[in-house]
Amino acid sequence: MPQTLVWHQLLVHCTATNDSRGNYECDPSDGSRVCHRDFYGPNCSTHCSSKQSNIEEHYDCNIKDGSKACHLHWYGPNCSVYCKARNDSWGHYECNGVSGSWSCLDNWYGPRCSVHCALRNTSEGHYTCDSETGTKLCLPGWTGKSCNNGG
């Protein structure tokens, strides 16, 4: 039977529930919904349980709507992708703010963003760089390792 509470001259109907419609109790003082543990949102229907182990997800739950707020350097829908931007001998990349995938810094290429190539058209070489691998691609009329033979 619904629990009816009168508060500040407003009729408030609240029926405690624990199913697909919501997961809450009713506050006897004002009739508001009090979400069960790990449930959030206006109907207490969004489940979120903070995870902080090394195996599982790494996030906290937004107390208003239950959305996941990833910890520093963790990304993806479940905050399970670790990425820390680098610019050193281990790689040269930034992290995508949503997925955590790597985005190579300018003039760095390859799966680990460890191949350096900066296009040239000078006495040091005449080439562009393959957008995936960073391999030097000699400009027309030029050959050699640094594309400086010919012309």
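The values are calculated or read from the model by the stated rules, or taken from the named source; none is laboratory data. Quick caveat, the model's predicted, so the values are computed rather than measured. Glycine gets a Cβ as well: all are built from the backbone with ideal geometry, and neighbour counts include every protein chain shown.
Starting from residues that are among the aliphatic types (A, V, I, L, M) and at pLDDT below 95, keep the ones in region 81-118 and report whichever is surrounded by the fewest Cβ atoms within 10 Å (Cβ to Cβ). Walk me through it before giving the result.
Of the residues in region 81-118, the ones among the aliphatic types (A, V, I, L, M) are 81, 85, 98, 105, 115, 118.
When the remaining residues are screened for being at pLDDT below 95, the result is 81, 98.
Details: V81: 19, V98: 11.
Going through the qualifying residues, I end up with V98.
Hey, can you tell me all the residues within region 57-98 that are among the hydrophobic types (A, V, I, L, M, F, W, C) and over 30 Å from R33 (Cβ atoms)?
Scanning region 57-98 gives L72, W74, V81, C83, A85, W90, C95, V98.
Can you tell me how many residues within region 65-79 are of a type outside the set (D, E) and touching a Phe, Trp or Tyr at 6+ places or on another chain (Cβ under 7 Å)? Break it down stepwise before answering.
Of region 65-79, the ones of a type outside the set (D, E) are 66-79.
Next, from what is left, pick out any that are touching a Phe, Trp or Tyr at 6+ places or on another chain (Cβ under 7 Å): 66, 68-71, 73-74, 79.
Counting residues in region 65-79 that are of a type outside the set (D, E) and touching a Phe, Trp or Tyr at 6+ places or on another chain (Cβ under 7 Å) gives 8.
Can you say whether V81 is among the hydrophobic types (A, V, I, L, M, F, W, C), more than 30 Å from C61 (Cβ to Cβ) and within 29 Å of the chain's Cα centre (by Cα), as far as the supplied structure shows?
Against the criterion (among the hydrophobic types (A, V, I, L, M, F, W, C), more than 30 Å from C61 (Cβ to Cβ) and within 29 Å of the chain's Cα centre (by Cα)), V81 does not qualify.
If I filter region 54-64 down to residues being outside any strand (DSSP E or B) and charged (D, E, K, R), which single residue comes out as modelled with the highest pLDDT?
For region 54-64, the residue satisfying everything is K64.
Looking at region 65-151, what strands (runs of 3 or more DSSP E) fall wholly within it and have at least 3 residues that are closer than 30 Å to G22 by Cα and in contact with an Asp or Glu (Cβ under 9 Å, 6 or more places away or on another chain)?
The qualifying strands (runs of 3 or more DSSP E) are 68-70.
Can we say S49 is touching an Asp or Glu at 6+ places or on another chain (Cβ under 8 Å), at pLDDT below 90 and part of a loop (DSSP other than H, G, I, E, B)?
Yes, satisfied.
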